[in-house]
Amino acid sequence: ESIDGQAADIEGWLTQADVFLAFGLKPENNGRKLNFPEDDSALGLYQKVLSVDPENARAKKGIAEIVNYFSGNAYQACEQERWTGCGFLVRTALAIEPGNVFLQDLEKAQQAAERGEAYKLPPKPAQ
């Protein structure tokens with residue numbers, strides 16, 4: 001495939017990913033189309049772009065917004081002591097960004113709380 005054809009593919013994927021991202025971030029949509037289904041979601045399309053263009057800033061920014069969405073909702077669930085929901089959301093975000101120290105610390109707090117142990121939530125990251 002030509003470079004021009006690949007550039008057109010990338011632009012199409014980014015455009016659709018941005019549409020899914022905007023849709024999923026609306027409160028009434030509860031994250032739908034952000035990361036599921038894998039082949040037809042904002043995350044899947046951004047990752048597809050990065051597989052061809054690993055330095056694509058728009059795809060990296062989109063993925064960061066998805067991680068922020070899930071980590072923000074996970075933190076809120078933990079603050080409200082909704083531990084099961086917090087755990088699901090934090091694991092969803094960690095699946096996207098496994099090296100995220102804030103998410104790792106949040107998961108440790110969530111797991112301790114679910115076991116009935118003392119826990120301390122990490123400081124909320126600046127938005």
Inset, instruction - Based on the mean of other Cβ atoms within 10 Å per residue, sort peptides 9-22, 58-71 so the most packed one is first. - result: 58-71, 9-22
Inset, instruction - Pairs to check: Lys61/Lys120; Lys61/Lys108; Lys26/Lys60; Lys60/Lys120. Give those whose C-alpha atoms are more than 23 Å from each other in this structure. - result: Lys61/Lys120; Lys61/Lys108; Lys60/Lys120
Inset, instruction - Could you calculate the contour length gain from Gln76 to Arg115, that is, 0.36 nm times the residue separation minus the distance between their Cα atoms, to one decimal place in nm? - result: 12.1 nm
Legend entry - Rg over Rh, two decimals, region 1-51 (C-alpha only, Kirkwood Rh): 1.07
Legend entry - Kirkwood Rh and Cα Rg combined as Rg over Rh, evaluated for region 15-90: 1.02
Inset, instruction - Would you compute the Debye intensity of the chain from its alpha-carbon atoms alone, equal scatterers and no solvent, and pass along log10 I(q)/I(0) at q = 0.09, 0.19, 0.21 Å⁻¹ to two decimals? - result: -0.29, -0.98, -1.12
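Bear in mind these aren't lab numbers, they're just calculated from the coordinates by the rules spelled out. Note that the coordinates shown come from a computational prediction; the quantities given were computed from them, not determined experimentally. Neighbour counts run over all protein chains shown; Cβ positions are idealised from the backbone, glycine included.
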